[in-house]
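Throughout, read-outs are computed from the coordinates displayed, never taken from laboratory work. Source: prediction; values computed, not measured. Virtual Cβ from ideal backbone geometry, glycine too; neighbours counted across all protein chains shown.
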Amino acid sequence: MKKLIFVLFSSVCLAQTDQYKQILLTKKLGKEVHSYSKGYGMISDTKTGKSGIVDSLGNIIFDSPFKSEISHLWKNRFILRVKAGSSNGKTALIDEKGKELIPLDQFKFRTWENKDRLIYSKKGKECFYDFNGKLIIPFSEKIVFASDSRLFVKNDGVWLIYDFDGKKISDREFTDDLRFYKGRTFLTKGEKSGEIIDNNGKTLSTISNHNIDNINAFPYLVTLDTAKNRYGIIDEKENVISDEIYEQAFVGREYIYLTKDDKVSIFSKKEGKVYDLDYHYVNPLFNGLFKTSQDQKNLKTSVVRLNGEIVFPKEYDRIEGLSIAGEKYLYLRKDDEETLLDKNLKSVLNDDYEIEKIFPNTLIVRKEDTYYEFSPKDRKYKELKGFKEIKPSELYPMLVGKNIDNFYGVMDEEGNEVVPFIYDDITTFLGSNEFVVKKDNKFGVTNHKNEPLTEVIFEKYFPDKKGIKLTKGKDTEFIYFTEQKDRNFID
């Protein structure tokens, strides 16, 4: 049976990859450039142990006078760690030219991803800096990140909420630091009591008679009977929506899933109502549709509504809810028959077309021996002229296959040639941008932008979890894998 490949993948940009730029800079400088990212790379001298910073043009814009290590922190900000001499063990925050924005000293630091702030720790005290070296919050007993916009700062044994600009958000005092999720957290006050507060310290709800297990569906809350280990649901005013009778509770975006006696019930946040279903478990599709779980007793799956209405019977091998070009679609497979339905559950494909690959905006379909790029949104078919065959079981997020001359190449989802059809074979690796190309019994490595990461001159290759080792006689070269972003493979 033909194996359908879903490849949901973000669009490919046209700029050079950091990996390829790093290779080009290494060749230009005659010394290895590593960790290249966002316009800067690092070099290390193995003889002296000194490090430096290289810009995108290959200029060495900073050469450390110390035996050291440099790591890229954020944009044009770096951390310099000295490894010898009178400054051994000291750290500094520097710019791309080596200017010390936070001077060399014995300190540790913590940052929050994509925020130009750091918590600076020294001799048991902590302060808060921005990446220009400006002191935002002076030395305190303790500072911790509470979210991507809030800190807890401790002084005189009391915690207060601050923002990242050093502004005290509230005069409310806390005995412990907390973590906010979606701007909220639960503050336990004792058995069956507590408060839900927002990240400004304001009380949103007061709880006096329930143990709270999960607040992520607020204003609905999952409760727990700790003695019986059973879950229920209340609202923010402690009105009981569901008694604590369920064995498990899972909070989703639109629903809370409750299980009991091998059956699932669904609480709809929108409707504020629990629906009992006669299924072991279900997964959401879209527009109030769910697919039922497959189990050892029945490997088939079905589509049902919240009220239990059967939309498609439990006789399908595969059901998926998909988003293609911003529209919702339903994919169904039963034996060798595949169907793609729109949000109104109407078929989008003409008869006799078989689905071969699904991309974020288009499908690749086949009719007899001809392949087409198909837009389900406008229902147009575009023949992929000269394309002969998709490589079997290929999971790469592009179209890898042969042309009519039996040479391998790669097309994007719109049928545009990305890698020319000149190779005897192409070998891809799940989750990685890089792949091996073969020509005249020689191997090389390229990627999703057709950047020649090596020449096609090697006799053998050996992939592992980190990358691909290529050998030619006694010469070897190693190409590290880079991860495909925003991907979701379903095979």
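Each part reduced to its alpha carbon centroid, the stretch 304-381 and the stretch 80-99 end up 57 Å apart. Among the GluC sites (Glu not before Pro) found in the stretch 321-403, those both in a DSSP coil and sparsely packed, with 15 or fewer other Cβ atoms within 10 Å of their Cβ, are 368. Database remark: amide H of residue 391 closer than 5 angstrom to the amide H of 400, 401, 402 (H placed geometrically; neighbours at sequence offset of 5 or more, or on other chains; Pro and chain starts carry no H).
Listed here are the pairs 67/168; 168/189; 125/189; 83/474; 27/122; which of them are more than 32 Å apart at the Cα? Result: 67/168; 83/474; 27/122 exceed 32 Å.
Sorted from greatest to least, the principal axis extents spanned by the alpha carbons of the chain come out as 77, 70, 38 Å.
At an R0 of 41 angstrom, the distance between the Cβ atoms of residue 379 and residue 259 translates into a FRET efficiency of 0.50.
Applying 1/(1 + (r/R0)^6) with r as the Cβ-Cβ distance of residue 141 and residue 228 and R0 = 51 angstrom yields a FRET efficiency of 0.80.
Remark on the stretch 180-276: Rg and Dmax equal 12.9, 42 Å (Cα only). Applying both filters, DSSP loop and at most 11 other Cβ atoms within 10 Å, to the trypsin sites (Lys or Arg not before Pro) of the stretch 412-491 gives 465, 466, 474, 485. With the charge dipole of the chain set up from +1 on Lys and Arg Cβ and -1 on Asp and Glu Cβ about the Cα centre, the Cα lying farthest toward the positive end among the listed residues 258, 200, 151 is that of 151. Restricting the trypsin sites (Lys or Arg not before Pro) of the stretch 183-250 to loop positions (DSSP other than H, G, I, E, B) with no more than 15 neighbouring Cβ atoms within 10 Å leaves 192, 202, 228, 237.
Rg over Rh for the stretch 341-448 works out to 1.01, both radii taken from alpha-carbon positions and Rh defined as the Kirkwood radius.
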